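The structure appears right after this line, and notes come after that.
Only the coordinates and a few stated rules stand behind these numbers; no lab work does. Given the structure is predicted, the values throughout are model-derived calculations rather than measurements. Note that we place each Cβ from the backbone using ideal geometry, even for glycine, and neighbour counts take in every protein chain shown.
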């Protein structure tokens, strides 16, 4: 996996408003907009389990092993971030290519 290219793709998604994070992430599952969810490996265990269960229920691909909180935050230009969802199909395909 190419960390730098995935981080750049996440930055591109953030710049084009195709990245979902925070409380909107849980509500985005019901709208079926999510293409991929990236979860920080150092996220709290109970929230991580809830998010993974949502991904499994709605059949959304996810990654919970490759990024830390700091790496996700740095990639998106935010202070702290523990999970993000990508809603654009083209950005999802770009990220998938580097995994």
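Report, by residue number, each residue of the range 31-50 that is over 10 Å from the mean Cα position of the chain (by Cα) and closer than 16 Å to residue 19 by Cα.
Filtering the range 31-50 down to residues over 10 Å from the mean Cα position of the chain (by Cα) leaves 31-33, 41-50.
Within the range 31-50, 31, 32, 33 qualify.
If you go through the range 45-68 and keep only what is more than 18 Å from residue 1 (Cβ to Cβ) and out of contact with any strand residue (DSSP E or B) (no Cβ under 7 Å at 6 or more places or on another chain), you end up with 45, 46, 47, 49, 50, 53, 54, 56, 57, 58, 59. Anything in the range 19-30 that is within 11 Å of the chain's Cα centre (by Cα) and more than 13 Å from residue 83 (Cα to Cα)? List them, or say none. Correct list: empty. Against the numbered list (1) within 14 Å of residue 83 (Cβ to Cβ); (2) over 11 Å from the mean Cα position of the chain (by Cα), residue 62 comes up short only at (2). When residue 73 is tested against (1) more than 18 Å from residue 23 (Cβ to Cβ); (2) more than 10 Å from the chain's Cα centre (by Cα), just one condition goes unmet, and that condition is (1).
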